[in-house]
Amino acid sequence: QVRVVESGGGLVQPGGSLRLSCAASGNIFSINTMGWYRQAPGKQRELVADITSGGTTNYADSVKGRFTISRDNSKNTVYLQMNTLNPEDTAVYYCNAVIVGYGRSEYDTWGQGTQVTVSS
């Protein structure tokens, strides 16, 4: 089985920073794109940022210049550095990874989510 687990969420004041981590584990042959999504109350889940296995990044306009996504392929881990947080960033943040198993099947894998709350 393959899975991803997020960590690093919490409560932060406006203007503050958080760093989220997401580690993949299981019978992993390789991992294609990894990304972070978020879902705020009453809103649809949206892409925050993603990163390909080769390191190409993509960001939502709302976070561009404030957030940085990165990955460590040796650790099967993706990170999201979030700076200059504002209350509109409050959401449950989910990690996603397209994991290739030993049989070459692809698994669209989601974490359980980690709460990020930005409030004074």
Checklist entry - Counting only residues that are touching a residue at least 60 places away in the same chain (Cβ under 8 Å) and among the hydroxyl-bearing types (Ser, Thr, Tyr), which one in segment 72-89 is farthest from SER7 (Cα to Cα)? => result THR84
Item to check | Top-ranked residue of segment 87-104 - restricted to ones that are of a type outside the set (A, V, I, L, M, F, W, C) and in contact with a strand residue (DSSP E or B) (Cβ under 6 Å, 6 or more places away or on another chain), ranked as farthest from THR117 (Cα to Cα) | outcome: ASN96
Item to check | Exclusive hit being without any contact (Cβ under 8 Å) to a residue 60 or more places away in the chain and out of contact with any His (no Cβ under 8 Å at 6 or more places or on another chain), set ILE99, ILE69 | outcome: ILE69
Checklist entry - Within the set of pairs 6+ apart or on separate chains, which have a first residue in segment 1-20 that is among the aromatic types (Phe, Trp, Tyr), a second that is not in a strand (DSSP E or B), and C-beta atoms under 8 Å apart? => result none
Checklist entry - THR117: without any contact (Cβ under 8 Å) to a residue 60 or more places away in the chain and surrounded by 13 or more Cβ atoms within 10 Å (Cβ to Cβ), yes or no? => result no
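Quick note: the coordinates plus some simple rules give every number you see, no bench work behind them. None of the values given here were measured: they were computed from a predicted structure. Cβ atoms come from the backbone with ideal geometry, glycine included; neighbour counts cover every protein chain shown.
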